[in-house]
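Inspection log for the structure reproduced underneath, given as structure tokens.
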There are 2 protein chains.
Amino acid sequence: MIFYDSPNPAPNPRRVRIFAAEKGIDLPSETISIVAGEQKTPAYLAINPRGQTPALRLDDGSVLTESVAICRYLEALYPDAPLFGATPAEIGAIEMWIRRVELVLMEPISKIWLHTHPFTARLPIQRFPDYGEANRPRAMDAFAMCDAALGQSPWLAGEAFSVADILLLTAVDFAAFIGVPFPDDLGHLRSWRQRMSARPSATA
Amino acid sequence: MIFYDSPNPAPNPRRVRIFAAEKGIDLPSETISIVAGEQKTPAYLAINPRGQTPALRLDDGSVLTESVAICRYLEALYPDAPLFGATPAEIGAIEMWIRRVELVLMEPISKIWLHTHPFTARLPIQRFPDYGEANRPRAMDAFAMCDAALGQSPWLAGEAFSVADILLLTAVDFAAFIGVPFPDDLGHLRSWRQRMSARPSATA
């Protein structure tokens, strides 16, 4: 296997690095610099025609993309300890929170990033700054949703640490990097972030 | 269990209905009319505070939301025949295609719907019609991506029918309903849609 990785602040490759660290998996990696545009070179497009990281080349030469798909592949290879749940109820709750982090929280954060941030101004996409700005309250609502959940249970999807927490940490840290931190008064989210950031995997 | 369902053209509840039909699972259901705004009544908000369908109330009273999370829960209860894959490679490929249908195809379709369609004009959201329109070419690119994959294998994620096909059918049919059909010259996608639509589950 070869893992095509990109350094922080890219949130998606980091999900896989944290996941692998939590599982104790040593992934042979190659670094693709997004700042240098290496994800759009012919050499990398031959690996992932979508021009994105992360990607995982399997031993049979096939390539898996999408951060959560790579994590699920690794979970299937290394099932213990499970980070996608073991019982039907855990499996369902973790998937629910994966999707909420992705579709409710990361969605507006990525719109703010793509449509308003100076770092993305040079991208060959049409920007709609007013639309981007309109996503700020949506991101705040999503942070509040996560805070409320973390007031009910120690980890996002329940009693056990899971891949949903990994997705939330990468979202929260990326949001802070682009100037969209969660409000200070979300105390459950704040104390969860401190616990998450103290895990050895968080430095991945 | 009680499944909180909404009739077509809502794409997300339909995913669960098709999934259950493919598995032969009989889900006790209650219909929530989105046209009548029933998903925002206090009675339903007590079940799903996010005011969306589908939702599944489990026997212990807890509620699972998010269509794919409900499907995964059902897969864990009724593992055969697997629709989320059995081998690590299948599990990874199916998750990759779930995410591509969701994040690459449904994303622009939902933006066209929310920001340009007359049926959503009354929703209490700020609309950005120019942004909505800019999503049309993104949706077409995503259809082409799916067509290319279906030129390589009979089903979206490979040799076996999977939940990724279910998500794609609900996306394609919903897109057609809102006036964003895929181009006629995407022959692989067209013949796949015929095969999908001929399955008994497609009427769900």
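The values are calculated or read from the model by the stated rules, or taken from the named source; none is laboratory data. Computed from a predicted model, the values in this text were never measured in an experiment. Note that each Cβ is placed from the backbone with ideal geometry, even for glycine, and that neighbours are counted across all protein chains shown. The area values use the complete protein model at the heavy-atom level, side chains included, leaving out ligands, DNA and RNA. Shrake-Rupley method; radii C 1.70, N 1.55, O 1.52, S 1.80 Å.
Condition test on B:Asp185, is it open to solvent by 20 Å² or more (accessible area, probe 1.4 Å) and in a helix (DSSP H, G or I)?
On the way: open to solvent by 20 Å² or more (accessible area, probe 1.4 Å): yes; in a helix (DSSP H, G or I): no.
Against the criterion (open to solvent by 20 Å² or more (accessible area, probe 1.4 Å) and in a helix (DSSP H, G or I)), B:Asp185 does not qualify.
Only one of (1) farther than 21 Å from B:Arg72 by Cβ; (2) modelled with pLDDT of 95 or more fails for B:Gln126. Which number is that?
(2)
Determine which member of the set A:Ala164, A:Ala157, A:Ala171 is within 18 Å of the chain's Cα centre (by Cα), under 16 Å from A:Pro9 (Cβ atoms) and crowded, with 23+ Cβ neighbours inside 10 Å.
A:Ala171
Tell me which of these A:Phe128 doesn't satisfy, since it passes every other one: (1) touching a residue at least 24 places away in the same chain (Cβ under 8 Å); (2) open to solvent by less than 40 Å² (accessible area, probe 1.4 Å); (3) among the hydrophobic types (A, V, I, L, M, F, W, C); (4) over 26 Å from B:Ser67 (Cβ atoms).
(1) is the only condition that A:Phe128 fails.
Just the residues that are of a type in the set (Asp, Glu) and either outside the structural domain of B:Phe182 (by TED's automatic domain parsing) or touching a helix residue (DSSP H, G or I) at 6+ places or on another chain (Cβ under 8 Å) (or both), please, taken from the range B:108-138.
To start, the set of residues in the range B:108-138 that are of a type in the set (Asp, Glu) comprises B:130, B:133.
Answer for the range B:108-138, where residues must be of a type in the set (Asp, Glu) and either outside the structural domain of B:Phe182 (by TED's automatic domain parsing) or touching a helix residue (DSSP H, G or I) at 6+ places or on another chain (Cβ under 8 Å) (or both): just B:Glu133.
I need a count of the residues in the range B:90-114 that are more than 7 Å from chain A (Cβ to nearest Cβ) and either more than 18 Å from the chain's Cα centre (by Cα) or open to solvent by less than 10 Å² (accessible area, probe 1.4 Å) (or both).
7
Kindly evaluate A:Arg122 against the criterion of being basic (Lys, Arg), more than 10 Å from chain B (Cβ to nearest Cβ) and touching a residue at least 12 places away in the same chain (Cβ under 8 Å). Please lay out each step first, then the result.
Working: basic (Lys, Arg): yes; more than 10 Å from chain B (Cβ to nearest Cβ): yes; touching a residue at least 12 places away in the same chain (Cβ under 8 Å): no.
Taking the combined requirement at face value, the residue does not satisfy it.
So in the range A:76-85, with the set limited to residues that are at pLDDT 95 or above and either open to solvent by 40 Å² or more (accessible area, probe 1.4 Å) or within 7 Å of chain B (Cβ to nearest Cβ) (or both), which one is nearest to B:Arg99 (Cα to Cα)?
If we filter the range A:76-85 for residues that are at pLDDT 95 or above, which is where we start, we get A:76-79, A:82-85.
Subset that is either open to solvent by 40 Å² or more (accessible area, probe 1.4 Å) or within 7 Å of chain B (Cβ to nearest Cβ) (or both): A:76-79, A:82.
Working: A:Ala76: 18, A:Leu77: 20, A:Tyr78: 22, A:Pro79: 22, A:Pro82: 21 Å.
This residue is A:Ala76.
Do any strands (runs of 3 or more DSSP E) lying entirely in the range B:14-75 carry at least 2 residues that are within 14 Å of chain A (Cβ to nearest Cβ), touching a residue at least 12 places away in the same chain (Cβ under 8 Å) and surrounded by 13 or more Cβ atoms within 10 Å (Cβ to Cβ), and which ones are they?
The qualifying strands (runs of 3 or more DSSP E) are B:55-57, B:63-65.
Condition first: of a type in the set (Phe, Trp, Tyr) and part of a helix (DSSP H, G or I). Now tell me which residues in the range B:160-182 satisfy that.
Once the filter is applied, which keeps residues that are of a type in the set (Phe, Trp, Tyr) and part of a helix (DSSP H, G or I), the range B:160-182 yields B:Phe174, B:Phe177.
May I ask you to list the residues in the range B:76-119 that are touching a residue at least 60 places away in the same chain (Cβ under 8 Å) and either hydroxyl-bearing (Ser, Thr, Tyr) or in a loop (DSSP other than H, G, I, E, B) (or both)?
Hits for the range B:76-119 are B:Leu83, B:Phe84, B:Gly85, B:His117.
Which of the residues that make up the range B:143-154 are among the small types (Gly, Ala, Ser), in a helix (DSSP H, G or I) and either surrounded by 24 or more Cβ atoms within 10 Å (Cβ to Cβ) or without any contact (Cβ under 8 Å) to a residue 40 or more places away in the chain (or both)?
The answer is B:Gly151, and nothing else.
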